[in-house]
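What follows is one structure encoded as structure tokens, with my remarks underneath.
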Amino acid sequence: MILILLLTFIAFILTHPAVSVTAAGNGLLLWYSQILPSLLPLAILSNLMVYSNYMQIATKYLHPLTKRILPTSQNGCFAFLGGLLFGFPMGSKISADLVSRGKISRQEGEILAICFNQLSPVFISSYLLTSILRMPHLTPQSYVALYAPPMIYAFFALKRLRRQSILPFGKRGGHRPFAGAAKPKEKKSASDSHLDFGIIDAGIMNGFESLTKLGGYIILFSIFAALLHTYNENYPLANLICTGLIEVTTGISCLKEAALPMEAAYPLALFFVSFGGLCGFAQTCSMAKECGFSKSRYLACRLCFAILSSAIGFLLLQA
């Protein structure tokens with residue numbers, strides 16, 4: 001199947017060069033004009049926070065507040081807040097960085113990467129609701145619909161992980177540490193925090209490498225979306241749905257041109273945003289390829305989140 005897909009790609013590019021170049025150019029323009037300037041500074045700064053160990057100073061004061069909302073470990077609250085505020089794909093990148101450096105466990109990192117790798121609140125309020133749907137008044141309802149399902153899932157998953165990890169052993173009734181906690185030999189104190197040009201250079205190069213990979217995925221999936229539109233012109237609704245499932249930003253932009261009633265366009269947009277698209281899935285796998293996160297669990301959970309977000313959005317729109 002992979003060989004057939006690759007050969008189809010090559011055949012489409014050779015037989016439809018103008019369409020392929022336009023699609024690749026649109027993907028590259030999207031990456032250069034929106035993705036790179038908005039995510040590169042955040043990627044560099046998050047790298048600096050993790051590599052310099054200043055993250056532990058921040059989480060020392062933030063964790064007492066965030067643990068009332070979500071039972072993460074102290075370092076895990078940085079992935080929770082970073083993914084929630086910075087948005088996709090920074091959520092998966094921060095979680096993967098913390099796991100690879102031994103700051104949190106793989107199990108906790110996987111839960112945080114699944115649940116807090118959504119598109120950012122700024123993207124939702126400005127691009128989706130204001131530019132595309134022309135419904136900025138639905139911003140609070142959209143936040144509830146998009147963030148409530150993963151938040152609830154993360155709460156119970158982390159609770160279960162904590163119960164499984166804090167088990168009595170021996171006659172003294174000692175306890176094993178929470179799996180989300182860093183191993184003692186790898187944990188550094190806040191006094192070890194420092195920032196030098198070596199750390200800055202590594203943070204910048206890592207940020208550019210990660211964002212360059214994202215650009216490649218966006219270009220490939222943009223060409224694939226163009227292939228669908230070329231060979232499936234007679235079914236515009238199917239094209240719209242397939243495009244949103246493949247690449248979320250392109251699918252959302254197609255909603256602006258589709259003649260759909262708002263009762264259908266709004267839940268469909270929430271579905272696209274919550275699922276993140278197969279392009280987003282590929283980008284997430286690239287970010288976390290060394291951490292061993294379950295791909296099937298990620299896809300299944302994101303599909304469930306998308307269905308729930310779409311249903312909640314539909315109900316709130318009717319209220």
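The values are calculated or read from the model by the stated rules, or taken from the named source; none is laboratory data. All of these numbers come straight from a predicted model, not from anything done at the bench. As a convention, Cβ positions derive from the backbone with ideal geometry for all residues, glycine included, and neighbour counts pool all protein chains shown.
So here's what we get for this one:
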| item | result |
| --- | --- |
| Only listed residue being in a helix (DSSP H, G or I), under 25 Å from residue 218 (Cβ atoms) and touching a Leu at 6+ places or on another chain (Cβ under 8 Å), chosen from 85, 30, 62, 39 | 39 |
| Lone qualifier among 200, 204 - being within 23 Å of residue 56 (Cα to Cα), more than 23 Å from the chain's Cα centre (by Cα), surrounded by 12 or more Cβ atoms within 10 Å (Cβ to Cβ) and modelled with pLDDT of 80 or more | 200 |
| Condition met for residue 269 (in contact with a Phe, Trp or Tyr (Cβ under 7 Å, 6 or more places away or on another chain), part of a helix (DSSP H, G or I), at pLDDT 90 or above and within 30 Å of residue 32 (Cβ to Cβ)) | no |
| Search result, residues across segment 55-77 that are under 25 Å from residue 209 (Cβ atoms), over 20 Å from the mean Cα position of the chain (by Cα) and modelled with pLDDT of 80 or more | 58 |
| Complete set of residues in segment 217-244 that are within 15 Å of residue 19 (Cβ to Cβ), buried (at least 17 other Cβ atoms within 10 Å of the Cβ) and among the aromatic types (Phe, Trp, Tyr) | 221, 224 |
| Residues of segment 48-96 satisfying the condition of being polar (S, T, N, Q), in contact with a Lys or Arg (Cβ under 8 Å, 6 or more places away or on another chain) and more than 25 Å from residue 201 (Cα to Cα) | 74 |
| Residue 151 in contact (Cβ under 8 Å) with a residue 40 or more places away in the chain and surrounded by fewer than 22 Cβ atoms within 10 Å (Cβ to Cβ) | yes |
| Which numbered condition residue 57 misses (of (1) under 30 Å from residue 161 (Cα atoms); (2) touching a Pro at 6+ places or on another chain (Cβ under 9 Å)) | (2) |
| Selected residue [crowded, with 22+ Cβ neighbours inside 10 Å, in a loop (DSSP other than H, G, I, E, B) and at pLDDT below 90] from 93, 103 | 103 |
| Odd one out for residue 55 among (1) surrounded by 14 or more Cβ atoms within 10 Å (Cβ to Cβ); (2) out of contact with any Phe, Trp or Tyr (no Cβ under 6 Å at 6 or more places or on another chain); (3) within 20 Å of residue 287 (Cβ to Cβ) | (2) |
| Selection count, segment 282-313, where residues are of a type outside the set (A, V, I, L, M), assigned to a helix (DSSP H, G or I) and buried (at least 17 other Cβ atoms within 10 Å of the Cβ) | 10 |
